[in-house]
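The numbers here are math on the coordinates, done by the rules we state, and not lab data. These figures come from a predicted structure and were not determined experimentally. Cβ atoms come from the backbone with ideal geometry, glycine included; neighbour counts cover every protein chain shown.
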Amino acid sequence: MPLRTVNAATLKQWLDNQEAVLLDVREPAEYEAESIAGSTLRPLSGISKASLPDCSGKKLVIHCRKGGRGTSACEKLLAEDPTLEIFNLEGGIASWAEAGYPLRSSGGFFLPLDRQVQLTIGLMLMLGSLLGYFLSPLFFLLTGFLGMGLTLAGLTGFCGLALLMAKMPWNQACTR
């Protein structure tokens, strides 16, 4: 069964009519910083059919920041049970906000996980290049390793650095 998607306007209508259950698959700190009211947090790393909230008679809609992790969650759940009525929010919470729908916000700044990964890789590439130029050409192996990692992430959708970053203390829920 092909992956089904839903746009923000349709999701808003479903939520207003209590026709859908909304599941956020981002990390706890991302959810705490900004979320759609009524959504339930189930980080992608722990998602399974057994972890789903009760969806009796309702559509299950998955979302993340921009849609990538939501797609992965939908694929994982559909592989486990192809009969699930599941949708991925096109463009994630970013499209929800762009459509002008309300978000619950802590007011604090949080760098989304994908940008944390991009920043880390960028800094490591810059450092590897500088060390390779000024100290030893062996440091250029670091840039090759990072390039290989990005290539594998692009081909498979699996990013080990993102999984590692998600476990960092600053990406865990804070109690306030």
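Overview of results
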| read-out | value |
| --- | --- |
| Simple label model, 7 Å out from Cα along Cβ direction - Cys55 to Phe109, nm | 3.7 nm |
| Those GluC sites (Glu not before Pro) in the range 57-144 that DSSP places in a loop and that have at most 16 other beta carbons within 10 Å | Glu85 |
| Gaussian network model of the chain, Cα within-10 Å springs - most flexible of Leu155, Leu22, Leu77 | Leu155 |
| Neighbour-count ranking [beta-carbon atoms within 10 angstrom, fewest first] of Ile36, Ile93 | Ile36, Ile93 |
| Answer label, with semi-axes √(5λ) of the Cα gyration tensor in Å calculated from the coordinates and candidates (1) 37, 16, 15; (2) 34, 18, 14; (3) 41, 20, 13 | (2) |
| Proximal aspartates and glutamates to Lys59, defined as alpha-carbon separation beneath 18 angstrom and excluding residues fewer than eight positions away on the same chain | Asp16, Glu19, Asp24, Glu75, Glu80, Asp81, Glu85, Glu90 |
| Fewest-first ranking of Phe145, Phe139, Phe87, using other Cβ atoms within 10 Å as the exposure measure | Phe145, Phe139, Phe87 |
| Prolate/oblate/rounded label for the range 92-176 (Cα gyration tensor, a/c 1.5) | prolate |
| Across Lys58/Lys167; Lys12/Lys58; Lys12/Lys66; Lys12/Lys167, pairs whose alpha-carbon gap is larger than 23 Å | Lys58/Lys167; Lys12/Lys167 |
| In order through the range 65-70: 3J(HN,Hα) via Karplus (6.51 cos²θ - 1.76 cosθ + 1.60), integer Hz, x for Gly, Pro | 6, 10, x, x, 5, x |
